[in-house]
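The values are calculated or read from the model by the stated rules, or taken from the named source; none is laboratory data. Since we're looking at a predicted model, the values are computed, not measured. Please note: Cβ atoms are built from the backbone with ideal geometry, for glycine as well, and neighbour counts cover all protein chains shown. Quick note on the areas: whole protein, heavy atoms, side chains included, nothing else; ligands and nucleic acids left out. Shrake-Rupley method; radii C 1.70, N 1.55, O 1.52, S 1.80 Å.
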Amino acid sequence: VSSNLVWIFTLFLYVSFYLFETYSWGKYLIFIISGIIFIFAYSSGRKRIKIHPFHWFVLLFGIFCLLSSIWAKSFAMAFEKGITILSILLCFTFIYTYYEGKDIDSLLKVIMWGGYIIAMCSIFTYGGVANVTMMLLGGIKLDNMLLNVNTIGMTAAFACIIQAYYILDKKKSISILFAIPAIIIILATQSRKAFLLLIIGIFSMFIVKNM
């Protein structure tokens, strides 16, 4: 039961980073969810936080961003980026404490379902499937109403790539149905990055699987 709860909280955290981070209360929500995951890790016997080179690299980069605010054209932007990077480091340290040594499959599903949720939220924001499809057929590019369109497209593309991995691995489930709106939103964003990521990612996976 606890592992399922942690998975749900991790999924919510992943989605929150995209949908709620820009709100004033979003950062607090992210920290609360991360803290809950850490509590589960602590209660399951993982009472030590292991520090790896990854932590040091991100920490130093975050500090550099903070220091760069001294000579940056925009003090607020550089300082905000530094705080964001250090916040992400703290949150993912809590997540790493729980998931270290565990099967990566659960994290892949977090990214997949998270991408699907963001795609569905995007479709709802732009007026539903019918409206998004009409915009797509009319060649109208989505604006940045919810998120940057490249971000929406990339998260949906990652979700579809992971879905393709499960299909190639013969692990079919109802989740494949959600790939349809995800592909629609990728096309509607007209994001070249997302489209290339989707094509190259699936093609590369197919090649590796058949080697």
Checklist entry - When you go through 188, 182 one by one, which is the residue that is touching a residue at least 60 places away in the same chain (Cβ under 8 Å), more than 16 Å from residue 114 (Cα to Cα) and either in a loop (DSSP other than H, G, I, E, B) or open to solvent by less than 100 Å² (accessible area, probe 1.4 Å) (or both)? => result 188
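Just to be sure, is residue 142 at negative phi and either open to solvent by 40 Å² or more (accessible area, probe 1.4 Å) or within 18 Å of the chain's Cα centre (by Cα) (or both)?
Considered against the rule, which asks whether it is at negative phi and either open to solvent by 40 Å² or more (accessible area, probe 1.4 Å) or within 18 Å of the chain's Cα centre (by Cα) (or both), residue 142 comes out as no.
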Checklist entry - For segment 145-177, how many residues are assigned to a helix (DSSP H, G or I), open to solvent by 50 Å² or more (accessible area, probe 1.4 Å) and either out of contact with any helix residue (DSSP H, G or I) (no Cβ under 9 Å at 6 or more places or on another chain) or in contact (Cβ under 8 Å) with a residue 60 or more places away in the chain (or both)? => result 2
Checklist entry - Taking segment 38-69 as the search range and keeping residues that are small (Gly, Ala, Ser) and under 27 Å from residue 7 (Cβ atoms), which one is least open to solvent (accessible area, probe 1.4 Å)? => result 41
Checklist entry - Does segment 1-29 hold any residues that are β-branched (Val, Ile, Thr) and either at pLDDT below 85 or touching a strand residue (DSSP E or B) at 6+ places or on another chain (Cβ under 7 Å) (or both), and which are they? => result 1, 22
Checklist entry - Any idea how many residues of segment 126-139 are part of a loop (DSSP other than H, G, I, E, B) and either in contact with a Ser or Thr (Cβ under 9 Å, 6 or more places away or on another chain) or open to solvent by 70 Å² or more (accessible area, probe 1.4 Å) (or both)? => result 0
Checklist entry - Do you know which of the residues in segment 70-91 that are crowded, with 17+ Cβ neighbours inside 10 Å and not aliphatic (A, V, I, L, M) is nearest to the chain's Cα centre (by Cα)? => result 91
